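A short write-up of the structure that comes next.
The values are calculated or read from the model by the stated rules, or taken from the named source; none is laboratory data. Values in this document were obtained by computation on a predicted structure and should not be read as measured data. Using ideal geometry, Cβ is built from the backbone for each residue, glycine included, and neighbour counts are taken over all protein chains shown.
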């Protein structure tokens, strides 16, 4: 969308394109990869997916509800009471520009994921459009298990590999230490701010990014993009067959 002028946009939407991909993330620590991993990952997924589903890509939303990682250097945090109306306004703007299918490809978990689910559902019902929110690491968790043999984690083996596939220079292998990681707390177990480590494993004892295998990283990147593409294609097809587009 950034590259189109208004006359080109008018000719394309909705006559030729009904679907838009909106990517979201935040800035927060990720072990030995860049603070912007949650921004870079969904942006690259959108680039891979858009041609496969005949979609335009909306400008990225780079700041999010970071939460317990916010005290780390270089991180940012947008309070929910500010984030929710802003993202809602963006979605409403996309509907008013003629998009029928709005797909959010989200790169950041925690409370932000739940907020995005609710915002998207509310906009879909109020404006009679179709919305889909994809939290890529969860939607493709089976791919993580297949490639790495573990569940991965925040800045774990899977997310680190994804960034390594995009740009190996963003992975600072020389800074790696097992001390950077700890298991994520089960719900209601405890809450610590700042989070005790910048790598949060989904399961204790597995998923630390210690191998940095480039071939495995490239394979994971390709499989995740395929996974998200299939999810979007299937959802769009079902909306079409149901007369909802």
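Here are a few things to note about the model shown:
- Answer from 157, 174 - the residue that is over 16 Å from the mean Cα position of the chain (by Cα), over 29 Å from residue 121 (Cβ atoms), at pLDDT 95 or above and surrounded by fewer than 17 Cβ atoms within 10 Å (Cβ to Cβ): 174
- Residue, surrounded by the fewest Cβ atoms within 10 Å (Cβ to Cβ), within segment 179-195, restricted to residues that are closer than 23 Å to residue 76 by Cβ and out of contact with any helix residue (DSSP H, G or I) (no Cβ under 9 Å at 6 or more places or on another chain): 185
- Positions within segment 5-26 being touching a residue at least 40 places away in the same chain (Cβ under 8 Å), over 20 Å from residue 165 (Cβ atoms) and either in contact with a helix residue (DSSP H, G or I) (Cβ under 7 Å, 6 or more places away or on another chain) or not in a loop (DSSP other than H, G, I, E, B) (or both), in sequence order: 9, 12, 19, 20, 22, 24, 26
- Residue within segment 71-79 that is more than 26 Å from residue 166 (Cβ to Cβ), surrounded by fewer than 19 Cβ atoms within 10 Å (Cβ to Cβ) and touching a residue at least 40 places away in the same chain (Cβ under 8 Å) present: yes
- Single residue of 40, 115, 94 found to be in contact with a helix residue (DSSP H, G or I) (Cβ under 8 Å, 6 or more places away or on another chain), farther than 29 Å from residue 219 by Cα and assigned to a helix (DSSP H, G or I): 115
- Residues of segment 91-121 that are within 19 Å of the chain's Cα centre (by Cα) and surrounded by fewer than 16 Cβ atoms within 10 Å (Cβ to Cβ): 111, 114, 117, 118, 121.
- Residue within segment 213-231 that is touching a strand residue (DSSP E or B) at 6+ places or on another chain (Cβ under 7 Å) and either touching a residue at least 40 places away in the same chain (Cβ under 8 Å) or surrounded by 13 or more Cβ atoms within 10 Å (Cβ to Cβ) (or both) present: yes
- Options 179, 189, 124; residue that is over 16 Å from the mean Cα position of the chain (by Cα) and outside any helix (DSSP H, G or I): 189
- Restricting segment 44-68 to residues that are in a helix (DSSP H, G or I) and free of Cβ contacts under 8 Å to residues at least 60 places away in the same chain, the residue that is surrounded by the fewest Cβ atoms within 10 Å (Cβ to Cβ): 51
- Of all the listed residues (19, 24, 95, 66), the sole one being at pLDDT 95 or above and out of contact with any strand residue (DSSP E or B) (no Cβ under 9 Å at 6 or more places or on another chain) is 66.
- Boolean, residue 105 is under 25 Å from residue 244 (Cβ atoms) and assigned to a strand (DSSP E or B): yes
- Residues of segment 200-212 classified as assigned to a loop (DSSP other than H, G, I, E, B) and surrounded by 16 or more Cβ atoms within 10 Å (Cβ to Cβ), total: 6
- Of the candidates 144, 160, the single residue that is in a helix (DSSP H, G or I), in contact with a strand residue (DSSP E or B) (Cβ under 6 Å, 6 or more places away or on another chain) and touching a residue at least 12 places away in the same chain (Cβ under 8 Å) is 160.
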